[in-house]
1. So, Leu91, is that one within 26 Å of His153 (Cα to Cα) and surrounded by 14 or more Cβ atoms within 10 Å (Cβ to Cβ) or not?
2. Is one or more of the residues making up region 99-117 within 30 Å of Ala20 (Cα to Cα) and at pLDDT below 95?
3. When you look at Ala70, is it out of contact with any helix residue (DSSP H, G or I) (no Cβ under 9 Å at 6 or more places or on another chain), among the small types (Gly, Ala, Ser) and surrounded by 16 or more Cβ atoms within 10 Å (Cβ to Cβ), yes or no?
4. Please pick out the residue among Ala128, Ala114, Ala76 that is at negative phi and under 16 Å from the mean Cα position of the chain (by Cα).
5. Please find, among Leu52, Leu22, Leu31, the residue that is under 21 Å from Leu142 (Cβ atoms), of a type in the set (A, V, I, L, M), part of a helix (DSSP H, G or I) and within 15 Å of the chain's Cα centre (by Cα).
6. Among (1) free of Cβ contacts under 8 Å to residues at least 12 places away in the same chain; (2) loosely packed, with under 12 Cβ neighbours inside 10 Å; (3) in a loop (DSSP other than H, G, I, E, B), there is one condition Pro60 misses while meeting the rest; what is its number?
7. Filter region 122-144 down to residues that are more than 15 Å from Glu36 (Cα to Cα), of a type in the set (A, V, I, L, M) and surrounded by 12 or more Cβ atoms within 10 Å (Cβ to Cβ) and give me whichever is modelled with the lowest pLDDT.
Amino acid sequence: MEPAANRKKSKRFDSPEQEAYLHMWRTYDRLKAIEEELFGRYELSAQQYNTLRLLRSVYPGSVPTLAIGAQLISRAPDMTRMVDKLEQRGLVARTRRSDNRRVVEVAVTEQGLALLEELDQPVRDCHAKQLGHLTAEDLQQLVRLMEIARRPHEDPEHPWLSPKQETAKNEAGKSGSLPPDATKLP
């Protein structure tokens, strides 16, 4: 057996793609910890907050449950349970459509709006803590690179598009059920 000192040092990553992916994953983990600390103080998950934000964008209107799930930043495996928890706290209200009882519409309540207003500045502060050390140019480049990396894996009809892609989509008359700004980060 060859002594450890004589063995070739193994590469840290198997490929440049693996290195990039693992760096994104580690970055996500570090930034997510800051976000979880904030939302934990309000007994919310990031997905619950995102749901409330999406609903605020159509207030005083409502959105079908499935449309909310389709437009979240990250997939929610159990929309019904998440909406149940928000409803139990009085943050959203559900109604069944009279023309189709199978469709459940969800709307943010006044209590939900008040919580969002209370969270507006802390969320901005959270984002500043997460990424405020980057210059505006760095942030634009980061966003551009993430869009490029995500593009082949994104549903072309998904509303999570860059403003340029969103404009082209709207001009083509393919707007979704939520306003274009509903999927943009605060």
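1. Details: within 26 Å of His153 (Cα to Cα): no; surrounded by 14 or more Cβ atoms within 10 Å (Cβ to Cβ): yes.
When the stated conditions are applied, Leu91 does not pass them.
2. Within region 99-117, the subset within 30 Å of Ala20 (Cα to Cα) is none.
No: region 99-117 contains no residue that is within 30 Å of Ala20 (Cα to Cα) and at pLDDT below 95.
3. Working: out of contact with any helix residue (DSSP H, G or I) (no Cβ under 9 Å at 6 or more places or on another chain): yes; among the small types (Gly, Ala, Ser): yes; surrounded by 16 or more Cβ atoms within 10 Å (Cβ to Cβ): yes.
In short, yes.
4. On the way: Ala128 fails: under 16 Å from the mean Cα position of the chain (by Cα); Ala114 fails: under 16 Å from the mean Cα position of the chain (by Cα).
Among Ala128, Ala114, Ala76, only Ala76 is at negative phi and under 16 Å from the mean Cα position of the chain (by Cα).
5. Answer to the selection: Leu31.
6. Checking Pro60 against (1) free of Cβ contacts under 8 Å to residues at least 12 places away in the same chain; (2) loosely packed, with under 12 Cβ neighbours inside 10 Å; (3) in a loop (DSSP other than H, G, I, E, B), the one that fails is (1).
7. Among them, the one singled out is Val143.
Let's see how each residue does on (1) surrounded by 12 or more Cβ atoms within 10 Å (Cβ to Cβ); (2) among the polar types (S, T, N, Q):
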residue: Pro77; (1), (2): no, no
residue: Glu87; (1), (2): yes, no
residue: Thr109; (1), (2): yes, yes
residue: Glu117; (1), (2): no, no
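The values are calculated or read from the model by the stated rules, or taken from the named source; none is laboratory data. Since the model is a prediction, treat every value here as computed from it, not as a measurement. Neighbour counts run over all protein chains shown; Cβ positions are idealised from the backbone, glycine included.
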